[in-house]
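Only one structure is covered here, and it is reproduced in the block below.
No lab work stands behind these numbers, since they all come straight from the coordinates. A quick note: this is a predicted structure, and the numbers were derived from the prediction, not measured. No Cβ is skipped: glycine too gets one built from the backbone with ideal geometry, and neighbour counts run over all protein chains shown.
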């Protein structure tokens, strides 16, 4: 099963907000292009080139995000049982080697960029080594994580 096509409802909301933010910014950029065009010779007009480049970047990101949103399948994690670590759930773990407590939230691969404000939870992709290792684990089970930095053993303490 291709887990990379899933996104949480919260992730889709954040993606839609980003599209709306870009759409709100676009009129200002178009206005900047029009003003810069009035400065004269476009071949040597740095303001015009910068404004056009910003407009292209915004339009490209809007197009990319809209196409991505159209292909993703939204899953509401609040309706899933909390008996095991599942897509969209969060869990508190302890590293068996270091005794360090770590908390993770498992989200879709396409929503990772929209979680800058998370502080307590480490947001990981469902297709990452940590995400794959934690999926399906129950409280007190140990997840074996085959990460690039080496093997880790995370015991599940709580599923949220």
Next item on the list: Report the residue, chosen from 27, 148, 77, that carries the largest GNM mean-square fluctuation when the chain is represented by alpha-carbon nodes joined by springs under 10 Å.
Entry: 148
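Given a Förster radius of 35 Å and the C-beta distance between residue 158 and residue 28 as r, what FRET efficiency does 1/(1 + (r/R0)^6) yield to the nearest 0.05?
My answer for the efficiency is 0.15.
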Checklist line | Cα→Cβ-extended label distance, 7 Å offset, between residue 56 and residue 16, nm | finding: 3.2
Checklist line | Relative contact order (%) - segment 13-102, alpha-carbon pairs under 8 angstrom, separation at least six | finding: 21
Checklist line | Relative contact order (%) - criterion: Cα under 8 Å, at least six apart; region: segment 77-159 | finding: 33
Next item on the list: Compare 103, 78, 43 in a GNM of the chain, Cα atoms joined below 10 Å, and give the one with the largest fluctuation.
Entry: 43
Next item on the list: Pairs of Cα atoms under 8 Å, at least six residues apart: use those to get the relative contact order of the chain, whole percent.
Entry: 25
Margin query: Could you give the length gained by full extension between residue 120 and residue 94, i.e. 0.36 nm per residue of separation minus their alpha carbon distance, to one decimal place?
Written below: 7.9 nm
Check: Arranged by the count of other C-beta atoms within 10 angstrom, fewest first, what order do 37, 86 take?
Finding: 37, 86
